[in-house]
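Q: This is the structure I have questions about; it appears just below.
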Amino acid sequence: MKKRTRKTAVTLLSAGLLLSQLAACSGSGGGESASQDGSKPITLTYFSEDGSPNWNNMNDRIGKVITEKTGVVLDAEFAVGDPVQKVSIMAATGEVPDLIAAKADLGKLVDVGAVLDLTDLIEEHAPNIKKMLGDKIVRAKYSLEDQAIYAIPTWSAIDERKFKADGGFQLQHRVVKEAGYPEIRTVKDYEKVITDYLAKHPTDENGNKNVGLTINADDWHMYQVTNMGFFTTGAPDDGEYFVDQETFDVTYHFRRPEEKEYFRWLNHMNDIGLLDKESFVQKTDQFKSKVSSGRVLGLIDPAWDYGDAQQALKAAGEFDQTYGHYPVTLSEEYKDTNFWSAGFDGGYGIAISSECKDPVAAIKFLDYLASEEGQVLMNWGIEGQDYVVENGKRTVPKEVQEKMDSQGSAYMKESGLGLYWNLSVHYGDGIEDSTGNYFTKTNSDLLTATYSEPEKEALAAYKVEHWRDLFPKEEEFPERKAGAVYNIALPSDSQATILMAKMKDITWKRIPEAVMAKPENFDKIWDEYMAELEKAGVEEMEEAFGQYVKDRVKLWSGQ
């Protein structure tokens, strides 16, 4: 891996010019709320590769408190369309915002010196970030060769013990109730429940056709479709690769023979009319509209992707048309891997650009969010409005929870709940603060309080407290010494990066073609797909990326 030619200059900037920048910029920016010292807030520009449809320009309750505490307002832009293209333009032009959440594309910005090494900034101005990362700070380092910290990790939680299932295969509660709450363990089990329900209820009460299964394959959402290839065949989420946990060699995961059989099953679902014919052509808003109509019996999609649509069903009181989560795999020889922990990943996070008008204000803003006060604020909201403290315990009153459910996204926009958690390093579910309360609201008692009656009925029928209890436990899987390798940031000129773009184009064309083909043509199309990957250099890509994985293991283990 080549050295970054501008790293030294950038480090000098972060170490030597910060005070002068602070003096020059502390009075700039906008925002309506004054900071604690009475000065006018500074506005920092921010770009994220992930959408935030409920963003309210920090005019929500939580946002106003953050501005009061930090003196910062974010002028935020969220990716529309292909975020990779946006980051590529930033790297080419040098026109970068103050803060950037660029995910795996961070390497493009590192290569051109567009982001700061945050090591000194963390040491001097971010005690909360430093404390939270602790000895895991090594996982925030960029690479074995370049051990700078270019991003504050934000997508992987510290010491998380997950209570909540968001993945797996989803079925409406009314569907499994009519089936008598059978075991739903394999794709055949899942298929049967949908088949039987549609046979009795081909249309809804208004005469509109019910949909057995729909998927969201719009642009980057295609990853959610293809990821099920490994989730259903016993492999963890390592992005586009399967990692041998002993040798750390990698395989482009679609080349695993077992995954071919998962996509053959999708082809079968299409052939018998259970897969929505619009699955590969509908846009995300069309997908969500279809789900919010209550006509879609099954989904294979993470909860965060269809959450807005499900919230609309809750707001309409259609709780039996919302979804439960089931650990479905291709066959019983495999375990669902949604809870195969990667540990603390580092990787994806927020970078401060080399053009940032005030790096000290930026790191202090991120550090406040990492403080105990900031963590409680982001996760719980405002005491007396979003939660109360009773006998020393934080809790959400029933009437507030009902308001959250009925108002959905409107409540999020007003309160700011759910809008800030991935703006800084954060504690995970099941971790207690200094008062003995959990940092997040996703704990056993509070999670139960969010369940509707149809959901409680389904869980009781399966003799579990939470959907999580249906899934294999974290301790059933071995340690992943490389973490989740999808968040390894690669140089833009890496062979792995260049070749992956080719593989993506091939895969995103061939997978829909194979799924929607006549069954008798499936093998021919799949064989052509495999041959096309080999011709395009898939083995060379695997070898190149495998070296990055092995280097990460060395870095993290201190070898």
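Q: In segment 67-100, what residues are aliphatic (A, V, I, L, M) and touching a Phe, Trp or Tyr at 6+ places or on another chain (Cβ under 7 Å)?
A: Val72, Leu74, Ala76, Leu99, Ile100
Q: Of (1) crowded, with 17+ Cβ neighbours inside 10 Å; (2) over 27 Å from Ala114 (Cα atoms), Trp55 satisfies all except one. Which?
A: Unmet condition: (2).
Q: Any idea how many residues of segment 446-463 are within 27 Å of Ile158 (Cβ to Cβ) and either over 24 Å from the mean Cα position of the chain (by Cα) or of a type in the set (A, V, I, L, M) (or both)?
A: Residues in segment 446-463 being within 27 Å of Ile158 (Cβ to Cβ) and either over 24 Å from the mean Cα position of the chain (by Cα) or of a type in the set (A, V, I, L, M) (or both): 3 in total.
Q: Name the residue, out of Arg161, Arg174, Arg139, that is modelled with pLDDT of 95 or more and basic (Lys, Arg).
A: The match here is Arg174.
Q: Any chance you could count how many residues in segment 187-216 are over 26 Å from Tyr451 (Cβ atoms), touching a strand residue (DSSP E or B) at 6+ places or on another chain (Cβ under 9 Å) and surrounded by fewer than 21 Cβ atoms within 10 Å (Cβ to Cβ)?
A: Selection size over segment 187-216: 6.
Q: What is the number of the single condition among (1) modelled with pLDDT of 95 or more; (2) in contact with a helix residue (DSSP H, G or I) (Cβ under 6 Å, 6 or more places away or on another chain); (3) of a type outside the set (Val, Ile, Thr); (4) not in a strand (DSSP E or B) that Lys314 does not meet?
A: (1)
Q: If you go through segment 452-498, how many residues are β-branched (Val, Ile, Thr) and touching a Leu at 6+ places or on another chain (Cβ under 8 Å)?
A: 2
Q: Right, next: Mind listing whichever residues of segment 519-559 are touching a helix residue (DSSP H, G or I) at 6+ places or on another chain (Cβ under 7 Å) and outside any helix (DSSP H, G or I)?
A: Within segment 519-559, Ala536, Gly537 meet the criteria.
Q: Would you mention how many residues in segment 310-350 are more than 20 Å from Tyr486 (Cα to Cα), surrounded by fewer than 21 Cβ atoms within 10 Å (Cβ to Cβ) and small (Gly, Ala, Ser)?
A: Final tally of qualifying residues: 5.
Q: If we only count strands (runs of 3 or more DSSP E) wholly inside segment 8-116, which ones have 1 or more residues that are of a type in the set (Lys, Arg) and modelled with pLDDT under 95?
A: Per the criteria, no element qualifies.
Q: Does segment 238-269 hold any residues that are touching a helix residue (DSSP H, G or I) at 6+ places or on another chain (Cβ under 9 Å), acidic (Asp, Glu), surrounded by fewer than 20 Cβ atoms within 10 Å (Cβ to Cβ) and within 20 Å of Arg185 (Cβ to Cβ), and which are they?
A: If the condition is that a residue be touching a helix residue (DSSP H, G or I) at 6+ places or on another chain (Cβ under 9 Å), acidic (Asp, Glu), surrounded by fewer than 20 Cβ atoms within 10 Å (Cβ to Cβ) and within 20 Å of Arg185 (Cβ to Cβ), then Glu258 is the only one that fits.
Q: Of the numbered conditions (1) within 16 Å of Tyr462 (Cα to Cα); (2) touching a Phe, Trp or Tyr at 6+ places or on another chain (Cβ under 7 Å), Trp155 fails exactly one; give the number of that condition.
A: Answer for Trp155: the failing condition is (1).
Q: Turning to a different aspect of this structure: If you go through segment 138-160 one residue at a time, how many are crowded, with 17+ Cβ neighbours inside 10 Å and assigned to a helix (DSSP H, G or I)?
A: 2
Table: residues versus (1) modelled with pLDDT of 95 or more; (2) assigned to a loop (DSSP other than H, G, I, E, B); (3) among the aliphatic types (A, V, I, L, M).
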| position | (1), (2), (3) |
| --- | --- |
| Lys441 | no, yes, no |
| Glu457 | yes, no, no |
| Pro478 | no, yes, no |
| Gly483 | no, yes, no |
| Leu490 | no, yes, yes |
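Q: Output yes when any residue across segment 299-312 is in the same structural domain as Lys103 (by TED's automatic domain parsing), under 30 Å from Met132 (Cβ atoms) and under 22 Å from the mean Cα position of the chain (by Cα), and no when none is.
A: Our first condition is that a residue be in the same structural domain as Lys103 (by TED's automatic domain parsing); within segment 299-312, this holds for none.
Among the residues of segment 299-312, not one is in the same structural domain as Lys103 (by TED's automatic domain parsing), under 30 Å from Met132 (Cβ atoms) and under 22 Å from the mean Cα position of the chain (by Cα), which makes the answer no.
Q: Turning to a different aspect of this structure: Which condition breaks for Ala362 when tested against (1) surrounded by fewer than 20 Cβ atoms within 10 Å (Cβ to Cβ); (2) out of contact with any Ser or Thr (no Cβ under 8 Å at 6 or more places or on another chain)?
A: (1)
Q: Can you tell me which residue is surrounded by the fewest Cβ atoms within 10 Å (Cβ to Cβ) among those in segment 290-309 that are of a type in the set (A, V, I, L, M) and assigned to a helix (DSSP H, G or I)?
A: Ala303
Q: OK, next. What pairs can you find where one residue is in segment 508-527 and at pLDDT 95 or above and buried (at least 17 other Cβ atoms within 10 Å of the Cβ), the other is among the basic types (Lys, Arg) and in a helix (DSSP H, G or I), and their Cβ atoms are less than 7 Å apart, with a gap of 6+ or different chains?
A: Matching pairs, first to second residue: Phe522/Arg264; Ile525/Arg510; Trp526/Lys260.
Q: Further question on the same structure: Just give me the residues in segment 213-227 being closer than 20 Å to Gly294 by Cα and touching a Phe, Trp or Tyr at 6+ places or on another chain (Cβ under 7 Å), in sequence order.
A: Across segment 213-227, the qualifying residues are Thr214, Asn216, Ala217.
Q: While we're on this one: Cβ-Cβ distance below 8 Å, separation of 6 or more or different chains: which pairs start in segment 308-335 with a residue that is under 17 Å from Gln401 (Cα atoms) and end on one that is of a type in the set (Phe, Trp, Tyr)?
A: Note: pairs meeting the criteria are Gln310/Tyr323; Leu313/Phe319.
Listed here are the residues, each with its yes/no results for (1) among the polar types (S, T, N, Q); (2) farther than 19 Å from Ser341 by Cβ.
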residue: Asn422; (1), (2): yes, no
residue: His426; (1), (2): no, no
residue: Gly430; (1), (2): no, no
residue: Asp433; (1), (2): no, yes
residue: Phe439; (1), (2): no, no
residue: Ala449; (1), (2): no, yes
residue: Ala458; (1), (2): no, yes
residue: Phe471; (1), (2): no, no
residue: Glu474; (1), (2): no, no
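Q: Any residue in segment 189-216 that is more than 23 Å from Val281 (Cα to Cα) sitting within a Cβ distance under 9 Å of a residue that is in a loop (DSSP other than H, G, I, E, B) and charged (D, E, K, R)? List the pairs, counting only those 6 or more apart or interchain.
A: Filtered contacts from segment 189-216: Asp189/Glu183; Asp204/Arg295.
Q: Within segment 317-348, track down each residue that is over 21 Å from the mean Cα position of the chain (by Cα) and assigned to a strand (DSSP E or B).
A: Thr329
Q: While we're here: Can you list the strands (runs of 3 or more DSSP E) found entirely within segment 184-289 that contain at least 2 residues being under 24 Å from Tyr462 (Cβ atoms) and outside the structural domain of Glu49 (by TED's automatic domain parsing)?
A: Per the criteria, 211-214.
Q: Identify, please: which residue in segment 451-489 is within 23 Å of Gly349 (Cβ to Cβ) and of a type in the set (A, V, I, L, M) and is, among those, surrounded by the fewest Cβ atoms within 10 Å (Cβ to Cβ)?
A: Ala484
The values are calculated or read from the model by the stated rules, or taken from the named source; none is laboratory data. Please read these numbers as outputs of a predicted model, since none were measured by experiment. So basically every Cβ, Gly included, is an ideal-geometry build from the backbone, and we count neighbours across all protein chains shown.
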